[in-house]
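The structure appears right after this line, and notes come after that.
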Amino acid sequence: ESDAGDYTCVCGDKQSTASLVVHALPVLFKEELKNEEALEGASVSLRCDLTKAAPVQWKIGSKVLKASDKYQMRQPGTTAELVIHDLEVKDA
């Protein structure tokens, strides 16, 4: 999308200009989340891969998760990862 704009070819005192419009492709999941099992007190990592870098939001049910000592969120490039520390039965 950052390549969109007006481009000009200049030759001496003559020029030609055209506009370039770039239509963004939707973000898709290359690899979706996988079901996990873990022991109480342990940590677990949930990870998904996207077709391009984009902001993600992590939820449990309808509750949006915020980064904290319990929830660590990372997004290097096109991989989104949620690490849940000190698992409790209610985290299922």
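Please verify whether region 71-91 includes one or more residues that are surrounded by fewer than 14 Cβ atoms within 10 Å (Cβ to Cβ), hydrophobic (A, V, I, L, M, F, W, C) and outside any strand (DSSP E or B). Outline the logic, then answer.
First, the residues of region 71-91 that are surrounded by fewer than 14 Cβ atoms within 10 Å (Cβ to Cβ): 74, 76-77, 86, 88-90.
Pick out the ones that are also hydrophobic (A, V, I, L, M, F, W, C) and you get 89.
Right, trim to outside any strand (DSSP E or B) and you get 89.
Looking for residues that are surrounded by fewer than 14 Cβ atoms within 10 Å (Cβ to Cβ), hydrophobic (A, V, I, L, M, F, W, C) and outside any strand (DSSP E or B), one finds at least one in region 71-91, hence yes.
Is at least one residue of region 8-15 surrounded by 10 or more Cβ atoms within 10 Å (Cβ to Cβ) and among the hydrophobic types (A, V, I, L, M, F, W, C)? Within region 8-15, not a single residue is surrounded by 10 or more Cβ atoms within 10 Å (Cβ to Cβ) and among the hydrophobic types (A, V, I, L, M, F, W, C). Residues that are in contact (Cβ under 8 Å) with a residue 40 or more places away in the chain and within 16 Å of R47 (Cα to Cα) were ranked within region 57-92; the one that is nearest to the chain's Cα centre (by Cα) is T78.
Taking region 34-92, which residues are among the polar types (S, T, N, Q) and touching a His at 6+ places or on another chain (Cβ under 8 Å)? Spell out how you get there, then give the answer.
Quick first cut of region 34-92, residues among the polar types (S, T, N, Q) only: 35, 43, 45, 51, 57, 62, 68, 72, 75, 78-79.
Those that are among the polar types (S, T, N, Q) and touching a His at 6+ places or on another chain (Cβ under 8 Å): S43, Q72.
Selection of first residues in region 1-29 that are touching a residue at least 12 places away in the same chain (Cβ under 8 Å) and of second residues that are of a type in the set (K, R), restricted to Cβ pairs under 8 Å at least 6 apart or on distinct chains, gives the following pairs, ordered by first then second residue: L25/K52; V27/K52.
Could you tell me how many of the residues in region 32-50 are open to solvent by less than 70 Å² (accessible area, probe 1.4 Å), in contact with a strand residue (DSSP E or B) (Cβ under 8 Å, 6 or more places away or on another chain) and in a loop (DSSP other than H, G, I, E, B)?
Kept after step one, since they are open to solvent by less than 70 Å² (accessible area, probe 1.4 Å), are these residues of region 32-50: 38, 41-46, 48-50.
With in contact with a strand residue (DSSP E or B) (Cβ under 8 Å, 6 or more places away or on another chain) added as a condition, the list becomes 38, 43-46, 48-50.
Narrowing the set further to residues that are in a loop (DSSP other than H, G, I, E, B) leaves 38, 43.
Matching residues across region 32-50 total 2.
Has region 55-67 got at least one residue that is loosely packed, with under 10 Cβ neighbours inside 10 Å and of a type in the set (V, I, T)? Yes; the residues of region 55-67 include at least one that is loosely packed, with under 10 Cβ neighbours inside 10 Å and of a type in the set (V, I, T).
The values are calculated or read from the model by the stated rules, or taken from the named source; none is laboratory data. Here the structure is a predicted model, which is why all the values come from computation and not from measurement. We place every Cβ from the backbone using ideal geometry, glycine too, and count neighbours over all the protein chains shown. Calculation scope for accessible area: heavy atoms of the full protein, side chains included, ligands and nucleic acids excluded. Shrake-Rupley method; radii C 1.70, N 1.55, O 1.52, S 1.80 Å.
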